[in-house]
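Structure, as structure tokens:
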Amino acid sequence: MMSTATTTNKASAAPAQNGRRHVKKSRKPSIWGVLAWIAALGFFFPVFWMVLTAFKQEADAYSDPPKLFFTPTLDQFRGVFETGVGISLMNSAFATVVSTILVLLLGVPAAFALSLRPVKRTKDALFFFISTKMLPIVAAIIPLYVIVSNIGLLDNIWALVILYTAMNLPIAVWMMRSFFLEVPGELLEAASMDGASLWTSVREVILPLVSPGIAATALICTIFSWNEFFFAVNLTAVQAQTIPVFMVGFITGEGLYWAQLSAAATMAALPVILAGWIAQNKLVRGLSFGAIK
């Protein structure tokens, strides 16, 4: 009996040990994980070098080989502020925030109507939205310039607000429609049976469920608006100049001021990075919305 019990204990202990070995083995980093980290570091290195160069003197920024150890300074940031970057930052912030709010106000009802409350010829409406992105911006800039000039909005920030809204609205409608499609239609039916109006159902039932998707859409529209250059450089001059146009001023006949340009680029990238960091939880949930049911 004792030998039988011993054999049974050994047999029961063997799977446990095998399970422990299996768990330990699965914790080892795979080759794909290592490659992913190498790729991530490779993509991040230019950003790291830009920030590092922003704290150098111009002589250190031009040194060959490049200097990794130097005395950091804030002179380049002071020089950027002295050139009037504040106005450009305010213009970019105003055009980005207002256009993103308008995109959400127009895009959420449109996406809802094309998903949970489909209208007639939904596919035609969707194709119309996406077809507006098929025309190259270069082909439309001359008529846009004439229209903006005739209505007196040249070098006016509201011209960029209107154009950024029109530019991002088709993408927002398509993105938010995919999020709305993941919401079961039975939720609206249950809410209506409980006596809730359509607006109440949307506000208290649907929007909380798709809020991660709306946050992801808003962040993408913010990035597109903040980085837009072509409209801004052709339709603004001084008063409505945005930060991408401002950075072109560092390219002069004397050459490139690498340290100052890196400082300006760091200041230009910082608001978008902060926005992404603040909304990272909702962004991850929004981009993976509907992937796991």
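No lab work stands behind these numbers, since they all come straight from the coordinates. The shown structure was predicted, so the numbers you read here are calculated from the model rather than taken from an experiment. Every residue, glycine as well, gets a Cβ built from its backbone with ideal geometry; the counts of neighbours run over all protein chains shown.
Can you order the peptides 108-114, 187-193 by their average number of other Cβ atoms within 10 Å per residue, highest first?
The most tightly packed comes first, giving 108-114, 187-193.
When a footprinting reagent is the concern and you count Cβ atoms within 10 Å, what order do Val138, Val148 take, fewest first?
The order, fewest Cβ neighbours first, is Val138, Val148.
What list do you get for Lys133, Lys67, Lys120 if you sort them by fewest beta carbons within 10 Å?
With the sparsest Cβ surroundings first, the list reads Lys120, Lys133, Lys67.
I'd like the Karplus ³J(HN,Hα) series for segment 174-189: coefficients 6.51, -1.76, 1.60, θ = phi - 60°, whole numbers in Hz, and an x wherever there's a Gly or Pro.
In residue order, the calculated couplings are 5, 5, 5, 4, 5, 6, 5, 5, 7, 7, x, x, 5, 5, 5, 5 Hz.
Along segment 72-86, what does the Karplus equation 6.51 cos²θ - 1.76 cosθ + 1.60 (θ = phi - 60°) give for ³J(HN,Hα), rounded to whole Hz, x for Gly and Pro?
Each residue of segment 72-86 in turn: x, 9, 9, 4, 5, 5, 5, x, 5, 5, 5, 7, x, 6, x Hz.
Please list, ordered by chain and number, the residues whose modelled amide H lies under 5 Å from the amide H of Leu256; skip anything fewer than 5 residues away on the same chain.
For Leu256, no residues qualify.
Quick one: grab the alpha carbon gyration tensor of segment 41-188, order the square roots of its eigenvalues as a ≥ b ≥ c, and give me rounded if a/c is under 1.5, else prolate or oblate depending on whether a/b is larger than b/c.
The shape class here is prolate.
What is the distance in Å between the Cα centres of segment 30-52 and segment 90-110?
Segment 30-52 and segment 90-110 have Cα centres spaced 32 Å from each other.
Could you give each residue of segment 206-219 its phi-based ³J(HN,Hα) in whole Hz, using Karplus coefficients 6.51, -1.76, 1.60 with θ = phi - 60°, and x for Gly or Pro?
Working through the residues one at a time gives 6, 4, x, 6, 9, 4, x, x, 5, 5, 5, 5, 4, 5 Hz.
Classify segment 157-245: rounded, prolate or oblate, from the alpha-carbon gyration tensor (a ≥ b ≥ c, eigenvalue square roots; a/c under 1.5 rounded; otherwise prolate if a/b is larger than b/c)?
prolate
Going by C-beta contacts inside 10 Å, put Leu135, Leu198, Leu219, Leu102 in order with the fewest on the left.
Listed from fewest to most nearby Cβ atoms, that is Leu135, Leu198, Leu102, Leu219.
Specify the inter-centroid distance of segment 183-253 and segment 142-178, based on alpha-carbon positions, in whole Å.
14
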